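One structure is given here, and the rest of the page talks about it.
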Amino acid sequence: MLRVEQVSKAFGGLLALAGVSLEVTPGERRAVIGPNGAGKSTLFKVMAGELRPSQGRVFLQGREVSGMPQERVARLGLGRTFQRSNAFPELLVWENVALAQKAAQGQSATLGQPLRPEPGVQRVLEQVGLAERAHVVASQLSHGEKRQLEIAMALVQNPSVLLLDEPLAGLSGAERERIGELILGLDPQMTVLLVEHDLEYALRFAQRVTVLHYGQVIAEGRPEAIRQNPQVQEIYVGAGWAVETGAATTQGPEVLRSEGLCAGYGAMQVLSEVRLEVAQGEVVALLGRNGMGKTTLLSALMGLLPLQEGEVFFLGQGVGRLPPHRRAALGLALVPQGRRMFDGLNVEEELQMAAWGQRGRWTVERVLEVFPRLAERRRSPSRALSGGEQQMVAIARALLRNPRLVLMDEPTEGLSPLMVRQVAEIIRTLKAEGETVLLAEQNVQMALSVADRVYILEHGQVVWEGRPQEASQAVLHRYLGV
Amino acid sequence: MMAGLSREVRAGGTARQGLLRWGLVGLLLLPLALGGYPLYLATEAALLGLAAVALSLLLGHGGVPSLGQAAFLGLGAYTVGLALKAGLPLGLALLLAPLVAALLALLTGLLVFRTHGIFILMLTLAFGQMVYSAAHKWTGLTGGDDGLSLSGLSIHPVLLHLVAVGVLLAAVGGLRALLQTPYGKTLEAIRQNEEKIRSLGVPTFYYKLSLYLLTAALTGLAGSGLALHRSFISPHDLFWLTSATLMVMVLLGGSRGLWGAVFGALLYTFVQAWVSSFTDLWGLFVGSLLVLTVLFAREGLWPLLERRLGGGRGNA
Amino acid sequence: MLLLLLTQLLNSLAFAMLLFLLALGLSLIFGVARVVNLAHGAFYLLGAYLGLALGASLGSFWLVLLLVPLLVGLLGVLVERFLLRGLHGRELEQVLVTIGLGFILADLLRAFFGAAIRSVPPPAELAGPLFLGSFIYPKYPLFVLVMGVLLFLLVRLLLARTPFGVQVRAVTADPGMASTLGIQPARVSLLTFGIGTALAGLGGVVGAPMIALAPGLDAQMTLFALIVVVIGGLGRIEGAFWGAILVGLVDGFGRLFLPQLAMFLIFALMALVLALKPEGLLGRRLA
């Protein structure tokens, strides 16, 4: 039904997919899983025609579709839903679905008569449970209802293959259950591929599972086999780390505190009532699966995202209304997810810019002592550096601000195991120097090996907090791992 | 036509909203009783209104920020002028005008719609100026700066006015009906979320292009009317200033509303006439109006009026 | 024939330097403040007329060269602060405001200085011809040429070496990240807008002896600047420089050999670039 042959996709220097091959049979339920940055969404985009593969081919029902524009692939029978709910906000719910239907029928250009809610539309709305909301403007739907609409729009097109990209992301409680059940109850004749971070759900849903890591397929098989595959377990939970069991450090004065923090994107609320504290000299880890709100939280703390409700206290001062540069001036620094190197600057300029006007322990010389690799690469454009080197630049930038608190967002993302250990070493060094760090991490074991305290986020709420040694297998299993 | 208006009144919102629209129609027809200069202005407003309605459709519903509409206006005008000069009957000339405009739209649209957003603005501006400079330089054909005069053809002002208003109302009615069809709704969807509608299988390029052709044709028709109305065409009408003027009319009316564009055209034409009776500084006037509208009445004056007086939601 | 070509070459390059001044300002403003300033030509014209007015009273060309850009830049700062700041993120509306502003400025200048075409003589020290063997060429365009190149090198140096320059480049690349490093994007925007408009004003002062002043010149210069920036690449000064040279040459030689089609060629070039490489010949992919 759907076949992918040795597909690779490169974005500049970054190889998102490296020779991925898979084949899905008609009516199959396939789950594609893997840690953050593994290439799952990229794979879907290549399949759907949103991206051209750098190498390799894609076949839909025996016909080659590699490189075809996405509208053509869609008309050939491939439907998809998007990670962020994506509809036509000013149109009514039924209009959204009706347009999808017309598009599939090739009748979008009809001029003769007004768009009408036809029986097919009604049927699909009932199937997803939106029948009562048919005459509501799409932007006014709840988060879960928007997901239902996404699915309705995909279903009304009667696709032969349906790609579901993280349909449960950001949903909780009853809504999550409802969508989950809906997906499980889809027509068995439809071929469905699912990308989901909720591993329990993905394994429940699938007949076969494909596991991606660093853009490659590292395992494929039935759910039970995958669940027990040691390689898979390792990439999710990690292995060979010693949990930090050092003596409880005497608590320094409070550096950061958030109260009742609510934040999100536009109308969508991601974080609710988050309360956390960081004391001086501590390394605090923020754990949680993808989409649970870690990056959103750090962005809100830095001021890159406005607070919807609640307050953030930094060094005793309420900073919730301050823009990022004011918080930076007070001593808050960020090592962002994805490193965010400045296009057009070289390493030296990145560092000098961060250091400008700063006085304190961390100077450019000092930083280059700690990261000798950067001294060698001073003149290189920062974007040309390897992932690990970029991470060093990002950390160095933050340190050069001589901050009171360093926020680190997924510093090990996309790094090789060796680099991951190096980052852990760096964090331990910082702790030894007396720095205070709030670290958001996917790599559970690494985080547990460096942190003094841990918070676990699920669906935008703090569901557990404590010391690393207190985090039992049960807790880790429940919130974080396979 | 009148029945169609009533249907719209019922469909489009509260009775008071409909009243406002009737009021607008009334304002368009009132000058018939006054004759002379007010009638001249009213016809001008109706014709420019057609072009403004077209731009409102293009911008507000298609999401295409075009700063080159003056080119279509001018092309329509010159086509009629030259066709009449060549001895063609009026009917044929009026048919040719929108076709020539649509042809230019096709040629430029192929390039324009490969880009988006701010680049569309720049490209349409550039193309518009290209047509202007062609009209300016090609003195053999267009008479250059001296312009083209349509002597020898006189249409009774009342007749011209009625036809202009009639065409305008028909266009508004027709376009509103169009917006309810799958085609129209798909255009809306393209404006609201192009990625999504493409992923549903719609080749958006052709939809945007066809909209561009339609609005160009309407604008060309308006231009041909203006040529007949003024009995004179000058390259200056194709200058960027005219495109900006149409923008102002659309903004005054609230970029989403077709009726709003009519209001904008009416308001602008009469205020401009009044202002130019005591000053030469037309650009100052347009510029200030533009800046003030964007800064303080971002939604446009017409939706504001509709809300205050009509109690409705204020849409097309 | 050769001398004719050489003359035209130098003329074109001098014109190109004027275009560079304008395009540079426009490009910087777009890169940092993300605004397409369609009033740019009006600032040029303002600079030119101010230069004319002040030149008469101050007597020194060099003083005018220094003062006028400062004044125009100041106006630019006020415009950014009070007209554009509130429209952050709304591109179309920002552009519309700049269009309106352009019309206002142009008309005010027309009201003040009249609609008659004013030709401005070059300052005494730069007037007259230069004799290079059998080749005679006026001094002033050479001055413009040299100034343009020097300015290019200067700005390049400023952007590459000074802290402010690095900040400008950072804010152009990623304003959010820049702000987490303590940089105030709003302040950088403001200053860049001022610098950009000051450059336009400088262009006006320098260009007046080369291009006669008349109403409508503002629109023409804005258009030229836009074309150069689109061809050369938004947000990069190398793009503005080489784009200006390309356009200057096409315009100059176009006028010589195909006078009716000169404008057309330039537009065609722009359209081609936009179609094939929308970020400009030397541009980087905008996010």
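Rule-based calculations on the coordinates, nothing more; no lab input. Computed from a predicted structure; not experimentally measured. Positions of Cβ are backbone-derived with ideal geometry, glycine not excepted, and every protein chain shown enters the neighbour counts.
Across the stretch C:1-125, the relative contact order, built from alpha-carbon pairs under 8 Å that are at least six residues apart, equals 31 percent. Taking the average, over residues, of other Cβ atoms within 10 Å as the packing measure, peptides C:91-100, A:120-129 rank C:91-100, A:120-129 from highest down. When peptides C:62-73, C:175-186 are ranked by their average number of other Cβ atoms within 10 Å per residue, the highest-first order is C:175-186, C:62-73. Note on the stretch B:133-280: Cα convex hull, mean projected area over all directions, 11.3 nm².
Paramagnetic label reach from C:L70 (point 7 Å along Cα→Cβ; backbone nitrogen cut-off under 15 Å): within the stretch C:194-211, residues C:195, C:198-199, C:202.
Averaged over the residues of B:126-138, the number of partner chain Cβ atoms lying within 10 Å of the residue Cβ comes to 4. Taken residue by residue and averaged, Cβ atoms of other chains lying within 10 Å of the Cβ of B:235-242 number 2. Relative contact order of chain A, taken over Cα pairs closer than 8 Å and 6 or more residues apart, is 16 percent.
Rounded, prolate or oblate: which one fits chain A, using the alpha carbon gyration tensor with axes a ≥ b ≥ c (rounded when a/c is under 1.5, else prolate when a/b beats b/c, else oblate)? Here chain A falls in the prolate category.
In percent, rounded to a whole number, the relative contact order of the stretch B:2-237 is 38, using alpha-carbon pairs under 8 Å and six or more apart. Over the stretch A:2-237, all Cα pairs binned in 5 Å intervals from 0 give whole-percent P(r) values of 1, 6, 14, 17, 19, 16, 12, 8, 4, 1, 0, 0, 0, listed from short to long.
For the residues of A:89-99, the average number of beta carbons from a partner chain within 10 Å of their own beta carbon is 3. Each helix, a run of at least 4 DSSP H residues, gives -39500 (n - 2.57); summed and divided by the residues of chain C, these come to -24500 deg cm²/dmol at 222 nm. With K and R counted +1 and D and E -1, the other residues having a Cβ less than 15 Å from that of B:L125 yield a net charge of -2. Figure legend: label point modelled 7 angstrom from the Cα of A:A329 along Cα→Cβ; residues of the stretch C:171-191 with amide N under 15 Å from it are C:179-188. Remark: the stretch A:254-479 carries a charge dipole of roughly 400 debye about the Cα centre, counting +1 on each Lys and Arg Cβ and -1 on each Asp and Glu Cβ. For chain B, the dipole from Cβ point charges (+1 on Lys and Arg, -1 on Asp and Glu) about the Cα centre works out to 920 debye, to the nearest 20. For the residues B:R21, B:R198, B:R298, a GNM of chain B with alpha-carbon springs under 10 Å puts the largest fluctuation on B:R198.
Estimated purely from DSSP H runs of n ≥ 4, each contributing -39500 (n - 2.57), the mean residue ellipticity at 222 nm for chain A is -9500 deg cm²/dmol once divided by its residues.
The C-alpha atoms of chain C define a longest principal axis, and helix C:237-257 lies at about 30 degrees to it.
Between rounded, prolate and oblate, where does the stretch A:88-167 land on the alpha carbon gyration tensor, with a ≥ b ≥ c its root eigenvalues, rounded for a/c under 1.5, else prolate if a/b exceeds b/c? Oblate, since a/c reaches 1.5 and b/c is not below a/b.
In this Cβ point-charge picture (+1 for Lys and Arg, -1 for Asp and Glu), the stretch C:2-276 has a dipole of about 280 debye about its Cα centre.
Can you tell me how the stretch C:119-216 classifies by the Cα gyration tensor, rounded, prolate or oblate, using a/c under 1.5 as the rounded cut? Cα axes put the stretch C:119-216 in the prolate bin.
With only the Cα atoms considered, the protein assembly as shown has a convex hull volume of 191 Å³ per residue. Given a cut-off of 30 Å, name the pairs among A:K45/B:K208; A:K45/A:K294; A:K146/B:K185; A:K9/A:K431; A:K294/B:K185; A:K102/C:K277 whose C-alpha atoms lie farther apart than that in the structure shown. Check vs 30 Å cut-off fails for A:K9/A:K431; A:K294/B:K185; A:K102/C:K277. In order along the stretch C:173-180, the Karplus-derived 3J(HN,Hα) couplings, from 6.51 cos²θ - 1.76 cosθ + 1.60 at θ = phi - 60°, round to 7, 7, x, x, 5, 4, 5, 6 Hz, and Gly and Pro are given as x.
Among A:F314, C:F61, C:F103, a tally of other beta-carbon atoms within 10 Å of each Cβ gives an order, fewest to most, of C:F61, A:F314, C:F103. The HN-Hα couplings worked out from phi for the stretch A:211-219 by the Karplus form 6.51 cos²θ - 1.76 cosθ + 1.60 (θ = phi - 60°) are 10, 9, 8, 6, x, 10, 7, 9, 6 Hz, whole numbers, x standing for Gly and Pro. Just checking the listed ones, C:F43, C:F131, C:F143: in the Gaussian network model of chain C with Cα springs under 10 Å, the one fluctuating most is C:F131.
Per-residue packing, averaged as other Cβ atoms within 10 Å, sorts the ranges C:52-58, A:391-397, A:132-138 into the order A:391-397, A:132-138, C:52-58, beginning with the highest.
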